[in-house]
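The values are calculated or read from the model by the stated rules, or taken from the named source; none is laboratory data. Since we're looking at a predicted model, the values are computed, not measured. Neighbour counts are summed over all protein chains in view; Cβ atoms, including those assigned to glycine, are modelled from backbone coordinates with ideal geometry. Note: areas computed on protein heavy atoms with side chains; ligands, DNA, RNA excluded. Shrake-Rupley method; radii C 1.70, N 1.55, O 1.52, S 1.80 Å.
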Amino acid sequence: MMTALLAKVKGEPLPDVAQGKYGPEMIECMGTGKTVPEHLRFTGSVRNRHLRQKELLALVHELWVGYSEERSKNLAKKKTNSVTLSSFFLSLLEKRYALPMLISEWAYSVHNACQRYSGDDAHIGLFHTVLDGQIDDSIYFSQLEKFQEFSTLLTEKAKESENALPMEQFMEALQGFFTVKSSAALELLCEAALEQANKGTEEEPLIEVAKLFAEDETGYNSEFIFLLRQQERQEKVEYLSEVENALQSTSSETNLGQLRKALQTVDPEKSESDLEIALGYAFAVQPDKLPEDTTVLQTQQIFERLQTKAIQRSGPPPATT
């Protein structure tokens with residue numbers, strides 16, 4: 001404590017900052033090229049504000065709330081959303097700070113903080129990849145919609161029992177809603193729910209629904225939601241890996257027909273409309289504009305595109321013989 005106070009009085013960086021725990025003192029900007037995210041298009045070097053995780057989470061919450069409202073307005077008016085999270089963040093910084101120096105400092109300080117915390121925090125990791133344009137914002141909003149649907153389901157089931165469910169009923173709801181999850185993943189979710197939201201006893205646990213979806217002052221979701229996000233990310237990686245393996249091809253290229261067959265093999269319960277959406281993502285076209293089955297693309301490009309979109313398994317994997 002005394003070391004920190006002395007450093008502050010002398011105008012020196014705090015010890016943990018000086019040791020690089022919160023990133024470098026100065027950050028080199030990426031330039032103004034079109035491949036650079038819009039909020040990071042600056043030149044030169046900028047001061048790092050060394051954001052802590054709680055500060056970053058508060059800003060992440062503010063940005064998601066504001067961007068969600070802006071996106072909803074755009075979709076209501078034009079049925080398309082031309083604003084990205086990156087452009088929205090830049091406009092927010094421009095309104096808040098008049099000087100380009102401050103705008104660039106905050107943009108790159110947030111970027112640096114996201115890089116530091118993304119590996120351990122699925123919430124920040126998802127925000128960072130959407131902000132930098134690595135994945136489509138539909139991934140965030142599809143997860144949000146799914147979690148809200150599950151919350152509504154549990155709330156309805158628990159409304160006659162003081163907003164809490166016996167463990168057996170909670171497990172049934174969990175299994176019935178997340179039908180593609182493995183038994184191991186479901187068990188982890190049950191353990192998280194018990195640790196976070198048990199208002200009963202150890203022998204007769206009661207899961208308090210509201211606590212599962214609670215947010216603190218930063219808007220940070222509960223540990224239960226944190227685990228769900230982690231599982232969603234891992235399940236998608238595993239799903240796409242299975243699809244790629246199902247191609248059974250040594251070629252660097254894949255045609256639409258081969259991808260269709262691989263998706264149907266791995267995910268036989270996927271509806272025709274969802275299948276066409278997935279193929280449209282892979283070949284960068286609308287589902288009703290799919291090319292011929294013989295149309296070829298680089299396999300790597302196909303899976304890079306699918307990784308950026310809200311695509312998931314539709315039903316349990318086929319039984320192995």
*Odd one out for E242 among (1) open to solvent by less than 60 Å² (accessible area, probe 1.4 Å); (2) closer than 24 Å to P317 by Cβ*: (1)
*Quick one: Y281 ticks every box in (1) assigned to a helix (DSSP H, G or I); (2) open to solvent by 50 Å² or more (accessible area, probe 1.4 Å); (3) out of contact with any Lys or Arg (no Cβ under 7 Å at 6 or more places or on another chain); (4) not β-branched (V, I, T) bar one, so which box is it?*
(3)
_When the residues of the stretch 163-186 are narrowed to those that are part of a helix (DSSP H, G or I) and under 12 Å from L228 (Cα atoms), which ends up nearest to the chain's Cα centre (by Cα)?_
A185
*Test L228 against the criterion of being open to solvent by less than 30 Å² (accessible area, probe 1.4 Å), on the phi < 0 side of the Ramachandran plot, part of a helix (DSSP H, G or I) and modelled with pLDDT of 95 or more, and give yes or no.*
no
*Looking only at the stretch 301-312, decide whether some residue is of a type in the set (A, V, I, L, M), assigned to a helix (DSSP H, G or I) and open to solvent by less than 50 Å² (accessible area, probe 1.4 Å).*
yes
*Whichever residue in the stretch 98-130 is in contact with a Ser or Thr (Cβ under 7 Å, 6 or more places away or on another chain) and either closer than 25 Å to T32 by Cβ or not hydrophobic (A, V, I, L, M, F, W, C) (or both) and, among such residues, is modelled with the lowest pLDDT*: G125
*Can you find a residue in the stretch 16-23 that is farther than 30 Å from A214 by Cα, among the acidic types (D, E) and modelled with pLDDT of 95 or more?*
no
*Give me the pairs: first residue in the stretch 162-182 and over 16 Å from V209 (Cβ atoms) and among the aliphatic types (A, V, I, L, M), second residue open to solvent by 80 Å² or more (accessible area, probe 1.4 Å) and part of a helix (DSSP H, G or I), beta-carbon distance under 6 Å, and six or more apart or on different chains, which are they?*
none
*Considering only the stretch 32-90, state which residues are touching a Cys at 6+ places or on another chain (Cβ under 7 Å) and exposed (fewer than 14 other Cβ atoms within 10 Å of the Cβ).*
T43, G44
_Can you find, within the stretch 121-131, the residue that is farthest from A284 (Cα to Cα) among those that are open to solvent by less than 30 Å² (accessible area, probe 1.4 Å) and out of contact with any Leu (no Cβ under 7 Å at 6 or more places or on another chain)?_
D121
*Only one residue in K146, K157 is part of a helix (DSSP H, G or I), among the charged types (D, E, K, R) and open to solvent by 60 Å² or more (accessible area, probe 1.4 Å), so which one is that?*
K157
*Would you mind stating whether Q196 is open to solvent by 30 Å² or more (accessible area, probe 1.4 Å), closer than 30 Å to I124 by Cα, touching a helix residue (DSSP H, G or I) at 6+ places or on another chain (Cβ under 6 Å) and in a helix (DSSP H, G or I)?*
yes
*Which residue, of S183, S252, is within 30 Å of S161 (Cα to Cα) and open to solvent by 60 Å² or more (accessible area, probe 1.4 Å)?*
S183
*Pick from the stretch 199-214, criterion touching a residue at least 12 places away in the same chain (Cβ under 8 Å) and not in a helix (DSSP H, G or I), ranking: nearest to F170 (Cα to Cα)*: I207
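Every residue, every condition in (1) within 20 Å of Q301 (Cα to Cα); (2) under 25 Å from the mean Cα position of the chain (by Cα); (3) of a type in the set (A, V, I, L, M), yes or no:
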residue: F213; (1), (2), (3): no, yes, no
residue: D216; (1), (2), (3): no, yes, no
residue: S222; (1), (2), (3): no, yes, no
residue: L227; (1), (2), (3): no, yes, yes
residue: S241; (1), (2), (3): yes, yes, no
residue: T250; (1), (2), (3): yes, no, no
residue: K261; (1), (2), (3): yes, no, no
